[in-house]
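Reviewing the structure listed below.
The values are calculated or read from the model by the stated rules, or taken from the named source; none is laboratory data. Predicted, not measured: the structure shown is a model, and the values here were computed from it. Here Cβ is always computed from backbone atoms with ideal geometry, including for glycine, and neighbour counts include all displayed protein chains.
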Amino acid sequence: MAEGDAGSDQRQNEEIEAMAAIYGEEWCVIDDCAKIFCIRISDDIDDPKWTLCLQVMLPSEYPGTAPPIYQLNAPWLKGQERADLSNSLEEIYIQNIGESILYLWVEKIRDVLIQKSQLTEPGPDVKKKTEEEDVECEDDLILACQPENPVKALDFDITENRTVTEIEELPPIDHGIPITDRRSTFQAHLAPVVCPKQVKMVLSKLYENKKIASATHNIYAYRIYCEDKQTFLQDCEDDGETAAGGRLLHLMEILNVRNVMVVVSRWYGGILLGPDRFKHINNCARNILVEKNYTSSPEESSKALGKNKKVRKDKKRSEH
């Protein structure tokens with residue numbers, strides 16, 4: 001496998017895991033090998049009036065140089081309404097070339113459904129729709145146009161002299177509800193951070209706890225928004241769980257969180273969990289981010305990801 005293909009495959013796997021953690025049962029795997037997935041989107045999870053199923057297939061070039069191939073399935077979606085929604089999704093792709101966009105697509109569709117429910121009468125009972133229902137998809141399968149020049153990541157130096165005074169006090173640390181599976185336990189810890197020094201302080205404080213210090217892995221990631229340069233200072237650490245830190249950071253990027261770090265402790269119970277371990281890491285991280293209100297609204301996420309793509313990786317990893 002070429003290096004580029006391997007990189008795309010890893011980014012796709014990270015996004016798939018993040019989407020599964022964010023949407024749970026709404027996210028469905030149609031064909032794992034072919035990278036085909038479906039997500040059921042409603043205007044209201046508890047009392048849906050309008051529902052749409054988004055089916056996507058991820059080509060090997062996604063997200064680098066090609067968009068997902070998608071299909072919009074809903075008996076009420078026709079004509080101009082379908083065209084408008086398709087144009088909106090393609091516009092999101094154009095504005096975020098090279099980025100993972102499935103989260104933005106799903107939340108854009110949800111926003112459209114919410115607006116529709118506010119302006120119209122309740123829609124059809126989509127729950128009664130069967131898989132055998134004939135859905136016209138001749139116009140559904142759309143490959144968004146590919147601009148010639150993908151967006152290139154820009155490198156910015158982050159100087160020690162920040163315009164915002166760095167707060168050097170130890171921030172408060174919250175602890176999430178543990179998840180246990182086959183004798184392995186996962187627990188997330190969260191702290192607000194505005195500078196790399198606070199990241200080190202939080203890690204040092206956590207390691208004072210003998211139980212956390214004895215964990216098999218303490219995976220962490222953080223994102224700090226630099227207001228003066230309008231870019232993110234971010235980094236992650238696997239702590240022996242290969243690729244876990246990158247997957248955690250990817251989840252935080254999709255959720256567009258800022259000025260926060262998440263540490264996930266795993267106590268290994270002697271039974272290999274395979275890919276499920278990444279699911280548990282992302283799930284407990286997402287749970288605490290949602291609980292502490294770090295997730296932005298879909299509209300804010302879309303705007304922020306469209307404008308603030310500049311990222312600087314912090315090379316100053318803390319030792320522990």
**OP:** Test Leu272 against the stated conditions and say whether it is at pLDDT 85 or above and within 21 Å of Arg11 (Cα to Cα).
**Re:** no
**OP:** May I ask you to list the residues in region 194-225 that are under 21 Å from His280 (Cα atoms) and under 19 Å from the mean Cα position of the chain (by Cα)?
**Re:** Ile219, Tyr220, Ala221, Tyr222, Arg223
**OP:** Specify which of the listed residues (Pro67, Pro63, Pro59, Pro48) is more than 15 Å from Ile101 (Cβ to Cβ) and either assigned by TED's automatic domain parsing to the domain that holds Ile114 or not in a strand (DSSP E or B) (or both).
**Re:** Pro48
Original post:
Can you tell which of Glu81, Glu17 is modelled with pLDDT of 85 or more, outside the structural domain of Ala243 (by TED's automatic domain parsing), among the charged types (D, E, K, R) and surrounded by fewer than 16 Cβ atoms within 10 Å (Cβ to Cβ)?
Top reply: Glu81
Original post:
Just wondering, is there one or more residues in region 21-31 that are farther than 16 Å from Lys108 by Cα and touching a residue at least 24 places away in the same chain (Cβ under 8 Å)?
Top reply: yes
**OP:** Take region 179-193 and flag every residue that is within 21 Å of the chain's Cα centre (by Cα) and over 15 Å from Tyr294 (Cβ atoms).
**Re:** Ile179, Phe186, Gln187
Original post:
From Lys229, Lys210, which residue is more than 21 Å from His250 (Cβ to Cβ) and modelled with pLDDT under 90?
Top reply: Lys229
**OP:** Inspect region 280-297 for any residue being modelled with pLDDT under 85 and assigned to a helix (DSSP H, G or I) and give the result as yes or no.
**Re:** no
Subject >> Selection count where residues are surrounded by fewer than 23 Cβ atoms within 10 Å (Cβ to Cβ) and not in a strand (DSSP E or B), scope region 216-248 >> reply: 13
Original post:
Quick check, is Arg11 charged (D, E, K, R), part of a strand (DSSP E or B) and not assigned by TED's automatic domain parsing to the domain that holds Met252?
Top reply: no
Subject >> Conditions (1) crowded, with 21+ Cβ neighbours inside 10 Å; (2) part of a loop (DSSP other than H, G, I, E, B); number of the one not met by Tyr103 >> reply: (2)
